[in-house]
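Reviewing the structure listed below.
The values are calculated or read from the model by the stated rules, or taken from the named source; none is laboratory data. Note that the structure is predicted; figures quoted are calculated from it, not measured. Heads up, the Cβs are rebuilt from the backbone with ideal geometry, glycines too, and the neighbour counts pull from every protein chain shown. Side chains included, ligands, DNA and RNA excluded: accessible areas come from the protein's heavy atoms. Shrake-Rupley method; radii C 1.70, N 1.55, O 1.52, S 1.80 Å.
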Amino acid sequence: MNDSLDAPLQRLRGLGDHLQIELFAQRDDLLPFPLAGNKVRKLRAEFSSLHEVPDVVVTNGAVNSNHCRTVALMAAERGIAAHLVLHGSPQDESTGSPALRLLNELGARTSVVTPDAIASKIAAVRAGALAAGLRAHVIPGGCHSPAGANAYQEAGLAVFERLRPEFVFVACGTGATHGGLAAASALVSPSPAVIGVSVARSAERGIPQVEQAAAWAGADGIDIEFDDSFRAGGYGHTDPRTDAAVALGWSHGFPLDATYTAKAFAALIDYARRGVLTGRRVLFWHTGGLWNHLDRLQTPQPENEGD
Ligand SMILES: *Cc1c(COP(=O)(O)O)cnc(C)c1O
């Protein structure tokens, strides 16, 4: 079985000229998979790491999470049942948001619970499966797992050896992607600076998670470059820099979303404008988020968001 996954590595001439840098993008938003993004690499590796094929996979995330959508897609592809414990309000269940309807179309079972009930619900689903004689596998939320981090260590190493970037920017949520790429950077010389741009967490909360992921990927105790100054007030919030990044990207035909990729790209724009990247070879690791952008285009936006 060939488990390697290929996505295009592209030179972005227009955007690079605009920012006066030599700009490349690793397009994991274009992996050969529906609604591609970094969850595809992480979850492919997670499924491949299992010694026996489970009857049911159980995981948790937001109703609209790329993680849960990708789990549902991969489980459906493999003929495995998926039971998703979704964080949301009972309203999500009754109104049937597009995200929830897609999960149901994919045949996933869904339980929408309040955040305090997630762990007990997962335990109950798992116990129910085992009692019915089924093999159940629980995937951590966001696929923050050793397999996920290692998938990014491998992908990062291949791309860094080929391109030899000096700076790498990536959106950082749970930290498995950033941790894997940071572990890869430690294996090439000279090492690129891998800057994880937080989409939600403060450095205090985020760095330990990235360090854990890097350690899973074989790099214990390396320096983590984590920038939490583009969070715009937290997950799903935006500020004018986020919006400007979305606008600049799309105006050059480069898709960015306000929840993830535009926060990382806003950091890249800021570093470029401050002269830190002038004339340097910069790699933007694109992690997906097209659904998030389309979702946002369909949602009326309040005038002043974030803080
Ligand atoms: C989940 C996600 C991230 C964050 O990845 P982590 O490995 O959890 O840090 C970044 N971008 C997109 C589009 C995502 O869906």
Fill in: Condition check for SER229: open to solvent by 30 Å² or more (accessible area, probe 1.4 Å) and more than 17 Å from the chain's Cα centre (by Cα)
yes
Worksheet item: Could you say which residue among PHE265, PHE226 is within 13 Å of the ligand (Cβ to nearest atom), closer than 29 Å to VAL63 by Cβ, touching a residue at least 12 places away in the same chain (Cβ under 8 Å) and part of a helix (DSSP H, G or I)?
Response: PHE265
Discussion item. Restricting to segment 132-158, name every residue that is out of contact with any Lys or Arg (no Cβ under 9 Å at 6 or more places or on another chain), surrounded by 21 or more Cβ atoms within 10 Å (Cβ to Cβ) and either aromatic (Phe, Trp, Tyr) or assigned to a helix (DSSP H, G or I) (or both).
Written reply: ASN150, GLN153, GLY156
Worksheet entry | From PRO300, PRO255, residue being part of a loop (DSSP other than H, G, I, E, B) and in contact (Cβ under 8 Å) with a residue 60 or more places away in the chain | PRO255
Discussion item. Residue under question is HIS144, and the condition is that it be closer than 18 Å to LEU35 by Cα, within 19 Å of the chain's Cα centre (by Cα) and in contact (Cβ under 8 Å) with a residue 60 or more places away in the chain; does it hold?
Written reply: no
Worksheet item: (1) at pLDDT 95 or above; (2) within 16 Å of the ligand (Cβ to nearest atom); (3) polar (S, T, N, Q): which one isn't true of SER120, the others all being true?
Response: (2)
Response to the item:
When (1) of a type outside the set (D, E, K, R); (2) on the phi < 0 side of the Ramachandran plot; (3) part of a loop (DSSP other than H, G, I, E, B) are applied to GLY221, the one that fails is (2)
Discussion item. So if I check each of GLY221, GLY179, GLY279, which one is at pLDDT below 95 and more than 23 Å from HIS18 (Cα to Cα)?
Written reply: GLY221
Worksheet item: Can you name the residue in segment 34-59 that is farther than 18 Å from GLY179 by Cβ, open to solvent by less than 30 Å² (accessible area, probe 1.4 Å) and touching a residue at least 40 places away in the same chain (Cβ under 8 Å) and is also nearest to the chain's Cα centre (by Cα) among such residues?
Response: ALA36
Worksheet, complete the sentence: Residue hits (segment 234-255; open to solvent by less than 10 Å² (accessible area, probe 1.4 Å) and under 17 Å from GLY37 (Cβ atoms)) are GLY249, PHE254
Item to complete: Inspect all residues belonging to segment 285-297 and state whether any of them is of a type in the set (Phe, Trp, Tyr), buried (at least 18 other Cβ atoms within 10 Å of the Cβ) and out of contact with any helix residue (DSSP H, G or I) (no Cβ under 7 Å at 6 or more places or on another chain).
Response: no
Worksheet, complete the sentence: Note on segment 168-189: residues open to solvent by 30 Å² or more (accessible area, probe 1.4 Å) and either more than 12 Å from the ligand (Cβ to nearest atom) or assigned to a helix (DSSP H, G or I) (or both) are ALA186, LEU187, SER189
Worksheet entry | Candidates ARG201, ARG205 - the one that is within 14 Å of the ligand (Cβ to nearest atom), at pLDDT 95 or above, outside any helix (DSSP H, G or I) and within 26 Å of GLY148 (Cβ to Cβ) | ARG201
